[in-house]
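Coordinate-derived values only; no laboratory data. Computed from a predicted model, the values in this text were never measured in an experiment. Reconstructed Cβ throughout: ideal geometry from the backbone, glycine too, with neighbour counts over all protein chains shown.
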Amino acid sequence: MSLPVQKSVRSSVKRHKNDLYSTDPEAVRLLLEREKFHENILEPCAGLGHISEELSKHGYNVTSSDINDYGYGTPNRDFLTDFFFDEHTQEFDIVTNPPYNLAIDMVQRALLIAKQKVAMLFPYWYITKFYWMPPRRVYLFTRKIDIAKDGNFDAYHNKNMKDYAWFVWDVGYYGDTIIKYIVNNKRVTKQVEKLEKEYSDISKYWNTSKGNMKKEVLRLHSEKFSNREIGRRLNIDEKTVRNWLKENV
C-alpha cells in the first residue's frame with residue numbers, strides 16, 4: 001500500500017500546533033563529524049527523541065525534555081523558564097532543533113546556561129536574527145534535509161522546501177561567523193561534478209611559490225585554524241605545516 005502524497009508545509013497556518021517537526025538523525029550525525037561537545041548534553045526540545053538518540057549513539061550523556069508530552073524524555077519542562085541544573089548534571093552543552101517562532105529567546109536562554117557550546121538547527125537565512133551574538137560557525141547543508149511532521153519520515157522524505165543549517169555558538173565568543181558546508185548531495189549535475197573535480201586543488205588558484213605558501217600557513221595559524229585544517233585548505237600535509245610553523249617560532 002503506497003503512502004498518501006504529502007504537501008510541503010508552506011505557511012504557519014498549516015504548521016503543527018506544538019511544532020512537532022522531527023530532525024533526520026543523519027543531520028545530527030553529520031554535525032558530530034565536525035563538532036565535539038561536552039560529555040553532557042541537554043536536548044530541551046526533544047520531541048520524539050530523534051536528536052537525543054543519535055547523540056546517545058555517539059557516547060554523549062543526554063538529558064532530554066520537552067514542553068509537551070510526546071512519550072520521550074521528561075515532559076512539561078519549559079526551557080525558557082525551568083531551571084535545568086541539578087545535583088547530577090552541573091555542566092552541559094545544548095543541541096536542539098527548537099521552535100522557530102521562539103528562535104531568539106531559545107538562543108538567549110541557551111547561551112546563559114550552556115557550558116561550552118550551543119548548536120541549533122535553523123533555516124539558513126536566520127543568520128540575520130543573531131547579529132547581536134553571532135554564531136561562531138554555521139554549517140550549511142548543500143542538499144535539503146528531511147524534517148518530518150510528527151516524525152513521519154516516510155511520508156515527508158524529500159518534501160522539505162527549506163535549506164537548513166546548524167548554528168554553533170562557542171559560549172563567550174563574540175566575533176565573525178565562519179560559514180562551512182556540509183556536502184550531503186546524493187547526486188549532482190555533470191557541471192557541478194566537473195567543478196568539484198577542478199576546484200579540489202585550491203592551490204591552482206593562487207600563487208603557490210613556497211614563500212607565499214608559508215605566509216598563508218602563518219596567516220591561517222594566526223586565525224586559530226588547526227594544523228590539520230590548514231593542511232586541508234592548502235593541500236599540503238600536516239607535518240609540513242608543523243615544520244613551517246616551527247621555523248617562525
**OP:** Please give the FRET efficiency for LYS197 paired with ASN248, using the beta carbon to beta carbon distance and R0 = 35 Å, rounded to the nearest 0.05.
**Re:** 0.55
Original post:
For the cross-link pairs LYS190/LYS214; LYS194/LYS215; LYS186/LYS246; LYS36/LYS239; LYS194/LYS246, which exceed 32 Å when the distance is taken from alpha carbon to alpha carbon?
Top reply: LYS190/LYS214; LYS186/LYS246; LYS194/LYS246
**OP:** Quick one: which residues, 5+ away or cross-chain, put their amide H under 5 Å from the amide H of ILE178? H built at 1.01 Å from N.
**Re:** ARG137, VAL138
Original post:
Residue by residue through segment 61-69, which ³J(HN,Hα) values in whole Hz follow from phi under the Karplus form 6.51 cos²θ - 1.76 cosθ + 1.60 (θ = phi - 60°), with glycine and proline marked x?
Top reply: 8, 9, 9, 10, 8, 7, 5, 10, 9
Original post:
Extension gain ASN185-TRP125, at 0.36 nm per residue separation less the Cα-Cα distance, in nm?
Top reply: 19.6 nm
Original post:
Could the peptides 217-223, 101-107 be put in order, highest first, of the mean number of other beta-carbon atoms found within 10 Å of their residues?
Top reply: 101-107, 217-223
